[in-house]
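Right, one structure below, let's go through it.
The values are calculated or read from the model by the stated rules, or taken from the named source; none is laboratory data. Just so it is clear, the model here is predicted, and its values are computed rather than measured. Reconstructed Cβ throughout: ideal geometry from the backbone, glycine too, with neighbour counts over all protein chains shown. Side chains are part of the model used for accessible areas, which takes the heavy atoms of the whole protein and leaves out ligands, DNA and RNA. Shrake-Rupley method; radii C 1.70, N 1.55, O 1.52, S 1.80 Å.
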Amino acid sequence: MYEFAPQITPIIDHIIDSVRSFRPELAISIAFIGTIFCSLFIDKYWKQSSFSSFLIGIVAAGYLTYTQNVENLPVFFDMLRVDSFSQYARIIILFGVAIIGLYIQQYGSYQLPKKRLGDIYAILLATTLGLHLLTLTTHWIMAFIAVEMVSIGSYVLVAYFAQNKKESEAAMKYVLFGSTCAAFMLYGLSLLYGFTGSLDFTSIAQMKGMIAAPTILSTLALLFVFVGIGFKLGFVPFHVWTPDVYEGAPTPITAFLATVPKVGAIVLFSRLILAWTASPFYFGEVTLHFLCFVAIVTMLIGNLVALRQQNIKRLMAYSSVGHTGFLLLAVLSYVHHEPEVLFFYLSTYILMNLAVFGFIMILEKQTGSANLPDYSGQGKRFPILFTALTFAGISLVGLPPTSGFVAKLLVFTSIFDLYQTVDQSLYLYLLIVGVLTSVISLFYYLKIPMYGFLRQTTPSKPADGVATNSHIVYGFALFFTLLLLLFGLFPDLLLDFFRQP
Amino acid sequence: MIPITHFLAVSACIFCIGLYAVVSKRNAIMILVGIELMINAAILNLVAFGRYDRAEYGGQVFALFAIVLAAAAVAVGLSIILMAYRKYKTINPDQITDLRD
């Protein structure tokens, strides 16, 4: 006890200094408490108070993140790594969360006008805090806490609106699958800790320990750890939950699951890959080969299985699995010092998904269904909506003049450069599979306008008499589609933002 | 002093028992119990390895956090299973299959 006494002052000084770099997360925490308070006491008088508190918290966190001083200082004894990489990722996350909060508010106002929504914003904020920590850390304790924060928050989000059988089934599958993956990850981490005696995956002790450890056991530990990250990212073979959960969850929650958790997980994964592939030892090779193999299989399975889907949310689930494969390619380009490629892909991916899920929300409200055959002939009823949805689909395929094209072009160029410098046939296979699956994806994304415009109208039931409008969701979705076109024509607008140091 | 291999062997056994409970699914509560066993195996590992880390006590701290997070996850899991039971009148995952390709 007494040996700490002379050191206690510098330790306290360090902690107080660290709080300054932690301000965005503190803003979220305060907003979290404020939102709970509002939902308990003020929602009775003013229904939107908890939503306002949520939005203020997100905007404040966004401002603090944007103006944050990123000097790579040691924060909280190197538990957190505040750098520009995490800054961009956190801005993207906060943007996505703000839009999803808005979608949830609109969805709640026309779908469940009686239900109290205050708590869901609080949970969304807690999940955002977990995502922030995920982008900030290189320490396994912090990473595991962040993964669990995001997971537990997501379980509650999926279950929160559950009114029918499908929704509760989705929540149950999600929680059982997710907890199992977390348990695998924890066991892998305990083995890693045993081999190395260190819990920071960028530290030299961890490298040395991994080199000294027996090959089979350390490979096993690595694979166990990747189970946990793979669940959050949704790459094959840990993607099996995605279609069921995406179909069963309410559409704004699906939009959440498809977008922001992937940003957090991919940032953690990139840091991990960067730290481990930098060393010329066998586990660097193992990680790299694992990454390439998983990317190939993920792109193939995601895009091939999507071909035979008839439910638009299931289709988007497999599409997001396919896009995870492309994100893994973008991680490779990050490892070779082009972070703006990764961020361009991430922000485009988020814009595309937010636009598409906004449109799905409106279609679901108007036709009462998420099955593609029910949209037959609806293109004449909603011409603007289906045209915009077609553009978003084109962007998801990766055709010009949308930013999906630029994103894929950047990724493929950087992989091709890699192939020419390193001359490993692995990268060539990655490239071939990437291009091939992009072509395949054309078939299923264009199914949506095919049903909308070319099929005859089925005698559909009229729109159910919900009077409240959803102009805000519609407006935002159209705005995102316009942004996709804008960034497709002028990609430098976005790239320059990510390039500034 | 008990050698560390004994701890590792016990924890590997517990992990495999938990995994078996998860894979041979008949009852969602039993799956949660299995998950809990897997997490406890990992915690046992962490504490056992933590004996050699007298400088930072990383393993012990990690074990404490893991216990708290496992409790939170199980609380959410139980409430979701209860909700599914109200809709389906069963918690056998093999019979809860409305969502499938």
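For the interface of B with A, what's the total buried accessible surface in square angstrom, probe 1.4 angstrom, rounded to the nearest hundred?
Buried area between the two chains comes out at roughly 3600 Å².
Run the numbers on segment B:60-91: which residues show a drop of 40 Å² or more in accessible area, chain on its own versus all protein chains together, using a 1.4 Å probe over heavy atoms?
B:62, B:69, B:73, B:76, B:80, B:83, B:87, B:88
Taking only the alpha-carbon positions of segment B:4-88 and ignoring solvent, what does the Debye formula give for the base-10 log of I(q)/I(0) at q = 0.16, 0.17, 0.20, 0.24 Å⁻¹?
Here the Debye-derived log intensity ratios amount to -0.68, -0.74, -0.91, -1.10.
Which of the chymotrypsin sites (Phe, Trp or Tyr not before Pro) found in segment A:71-168 are in a DSSP loop and have at most 13 neighbouring Cβ atoms, other than their own, within 10 Å?
A:77
Quick check: the angle from helix A:165-196's long axis to the longest principal axis of chain A, C-alpha only, nearest 10 degrees?
Between helix and principal axis, roughly 20 degrees.
Using the Kirkwood radius built from alpha carbon pairs, what does the Stokes-Einstein equation give as D for segment A:385-449 at 10 °C and 1.306 mPa s, in µm² per second?
125 µm²/s
To test your reading of the geometry: what angle, between 0 and 90 degrees and rounded to tens, separates the Cα axis of helix A:215-233 from the longest principal axis of chain A?
30 degrees
Largest first, how would B:16, A:292 line up by accessible area (1.4 Å probe)?
B:16, A:292
Given R₀ = 60 Å, what would the calculated FRET efficiency be for residue A:47 paired with residue A:432, taking r from the Cβ atoms and rounding to 0.05?
Working from the Cβ atoms, E equals 0.65.
Given q = 0.08 Å⁻¹, what are the Debye log10 I(q)/I(0) values for segment A:22-499, with equal point scatterers placed on the Cα positions and solvent ignored?
Debye output, listed in q order: -0.45.
Please arrange A:119, A:492 by accessible surface area, largest first, computed with a 1.4 Å probe and ligands excluded.
Solvent-accessible surface, decreasing: A:492, A:119.
Cross-link list A:380/A:408; A:44/A:114; A:365/A:447; A:44/B:89; A:165/B:25: which exceed 24 angstrom alpha carbon to alpha carbon?
Listed pairs above 24 Å: A:380/A:408; A:44/B:89.
Between residue B:20 and residue B:67, what is the FRET efficiency for a Förster distance of 25 Å, r being their Cβ-Cβ separation, to the nearest 0.05?
0.65
Considering protein heavy atoms only and a 1.4 Å probe radius, which residues within segment B:1-48 exhibit an accessible-area decrease of no less than 30 Å² in the full assembly relative to the chain by itself?
Correct list: B:15, B:35, B:38, B:39, B:42, B:45, B:46.
Calculated FRET efficiency, residue B:33 and residue A:12, Cβ-Cβ r, R0 41 Å, to nearest 0.05?
With a Förster radius of 41 Å, E is 0.45.
Counting other Cβ atoms within 10 Å of each Cβ, which trypsin sites (Lys or Arg not before Pro) in segment B:70-101 have at most 12 and sit in a DSSP loop?
Within segment B:70-101, the qualifying trypsin sites (Lys or Arg not before Pro) (loop, at most 12 other Cβ atoms within 10 Å) are B:89, B:100.
I'd like the carbon and sulfur percentage of the solvent accessible area for segment A:69-214, probe radius 1.4 Å, heavy atoms only, ligands and nucleic acids excluded.
It is 61 percent, rounded to a whole number.
Write out the GluC sites (Glu not before Pro) in segment A:1-107 meeting two conditions: DSSP loop, and at most 16 other Cβ atoms within 10 Å of their Cβ.
A:71
Hey, can you find the accessible area per residue of the protein assembly as shown for me, probe 1.4 Å, expressed in square angstrom?
Roughly 40 Å² per residue, with all protein chains present.
Using alpha carbons only, how many angstrom separate the centre of segment A:27-54 from the centre of segment A:104-149?
Taking the Cα centre of segment A:104-149 as reference, the centre of segment A:27-54 is 14 Å away.
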